[in-house]
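Below: the structure, in structure tokens.
The values are calculated or read from the model by the stated rules, or taken from the named source; none is laboratory data. This one's a predicted model, so the numbers in the text were calculated from it and none came from an experiment. Cβ placement follows ideal geometry from the backbone for every residue including glycine, while neighbour counts extend to all protein chains displayed.
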Amino acid sequence: MIEIEDYPYTDAQLKQRLQTLMSKPLRAMDEQEAYRFILGSIDLTTLEGSDNKAVVESLCRKAIGFRNEKRRIPSTAAVCVYPPFVKQAKTVLQGTDIRVASVAGAFPAGQSPIEIKVAEIKYAIQQGADEIDMVISRGKFLEGNLQEVFDEIRVIREVCKDVTLKVILETGELKTPNNIYRASQLAMLAGADFIKTSTGKIAVNATPEAFVVMMDAVRRHHEKTGRKVSIKAAGGISDSETALLYVNLLTQVLGKEWLSNSCFRIGASRLATKVFDVIL
């Protein structure tokens, strides 16, 4: 039976701690350096029912277009698309270091049998996906069926093998810090490379509070196991100032060790252009 801990802070303690963290200025790097880091950490995303080949082509060209070596401006870390567009994205991005991520495994609800989830994930990998963003079964988690949630992630981890696995918690549906902390542990113990806040498809997506709770879980996991798990904030981060806030929280809670796009990502569709404009 899987064993996980409760969150060590009360709601009042977390609120006070978050206020303190958010009041501190960014010291790890200057703002321009931070914005370059943010741009290079974005998973540039389109996840709409109206997505088509032209949309995906435009997304990939946009990601490529950000890079300016003379001005030290990077392209985004990845583009993120639905499985039918993975092969196209992979072709357009050939010769670049931009990775192709795909949401798969009954995204965004997670309400499918594990066999269906696995089949979709296998398809995305066969099409060339470098990264898989899956979502946990929140219903099973909230009814206390933690072992089944763990087992599902574990099965998907085995399917992904050398492919990066991001596990979406959908923190807006988990609601409480204790649920978010416990779900984070569950995902990491099952083999997640990244834990991710949200799908971007519900009313409450990434929040600083949820992000701090998840980072507390990442730090505790690192202390206990020596394993560094990465973290991704996604959903509702649409302006450069908010993105900067998340980087500041990252450096304060997890430290400079996590300041790379292999350890930190932001999932966004509109943010990249705004950050690019700030850099210019």
Subset tally (residues that are basic (Lys, Arg) and free of Cβ contacts under 8 Å to residues at least 12 places away in the same chain) for the range 94-128: 0
Per-region count, the range 1-52, residues under 30 Å from residue 82 (Cα atoms) and part of a helix (DSSP H, G or I): 6
Matching option when the condition is more than 20 Å from residue 254 (Cβ to Cβ), surrounded by 20 or more Cβ atoms within 10 Å (Cβ to Cβ) and either at pLDDT 95 or above or out of contact with any Asp or Glu (no Cβ under 9 Å at 6 or more places or on another chain) (or both), among 152, 143: 152
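Here's the yes/no breakdown for (1) of a type in the set (A, V, I, L, M, F, W, C); (2) surrounded by 19 or more Cβ atoms within 10 Å (Cβ to Cβ); (3) closer than 20 Å to residue 265 by Cα; (4) touching a His at 6+ places or on another chain (Cβ under 6 Å):
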position: 41; (1), (2), (3), (4): no, yes, yes, no
position: 49; (1), (2), (3), (4): no, no, no, no
position: 54; (1), (2), (3), (4): yes, no, no, no
position: 70; (1), (2), (3), (4): no, no, no, no
position: 113; (1), (2), (3), (4): no, no, no, no
position: 124; (1), (2), (3), (4): yes, yes, no, no
Cross-chain or 6+ apart pairs with Cβ under 6 Å, the range 188-217 first and over 19 Å from residue 42 (Cβ atoms), then of a type in the set (Gly, Ala, Ser) and modelled with pLDDT of 95 or more: 202/172; 204/172; 217/184
Restricting the range 46-80 to residues that are hydroxyl-bearing (Ser, Thr, Tyr) and under 30 Å from residue 32 (Cβ atoms), the residue that is farthest from the chain's Cα centre (by Cα): 58
Residue ID - farthest from the chain's Cα centre (by Cα), chosen from residues in the range 143-174 that are among the charged types (D, E, K, R) and under 19 Å from residue 217 (Cα atoms): 154
3 or more residues closer than 22 Å to residue 34 by Cβ: qualifying helices (runs of 4 or more DSSP H) within the range 170-265: 208-225, 240-253
Check on residue 233, under 19 Å from residue 14 (Cα atoms), of a type in the set (Gly, Ala, Ser) and either in contact with an Asp or Glu (Cβ under 6 Å, 6 or more places away or on another chain) or buried (at least 20 other Cβ atoms within 10 Å of the Cβ) (or both): yes
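If I filter the range 132-158 down to residues being touching a residue at least 60 places away in the same chain (Cβ under 8 Å) and not polar (S, T, N, Q), which single residue comes out as nearest to residue 98 (Cα to Cα)? Walk me through it before giving the result.
Residues of the range 132-158 that are touching a residue at least 60 places away in the same chain (Cβ under 8 Å), as a first pass: 133, 135, 146-147, 150.
Pick out the ones that are also not polar (S, T, N, Q) and you get 133, 135, 146, 150.
Values: 133: 16, 135: 23, 146: 35, 150: 30 Å.
Within the range 132-158, the match that is nearest to residue 98 (Cα to Cα) is 133.
This table checks each residue for (1) among the charged types (D, E, K, R); (2) in contact (Cβ under 8 Å) with a residue 24 or more places away in the chain.
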| site | (1), (2) |
| --- | --- |
| 37 | no, yes |
| 44 | no, yes |
| 60 | no, yes |
| 72 | yes, yes |
| 91 | no, no |
Residues (surrounded by fewer than 20 Cβ atoms within 10 Å (Cβ to Cβ) and under 13 Å from residue 156 (Cβ atoms)) located in the range 94-111: 106
Criterion: among the aliphatic types (A, V, I, L, M) and modelled with pLDDT under 95 - qualifying residue of 18, 39, 26: 26
Number of the exception - residue 77 against (1) closer than 30 Å to residue 140 by Cα; (2) surrounded by 23 or more Cβ atoms within 10 Å (Cβ to Cβ); (3) not polar (S, T, N, Q): (1)
Any hit, the range 83-93, residues being surrounded by fewer than 17 Cβ atoms within 10 Å (Cβ to Cβ) and of a type outside the set (Lys, Arg): yes
2 or more residues out of contact with any strand residue (DSSP E or B) (no Cβ under 7 Å at 6 or more places or on another chain) and over 30 Å from residue 175 (Cβ atoms): qualifying helices (runs of 4 or more DSSP H) within the range 53-164: 53-65, 86-92, 114-126
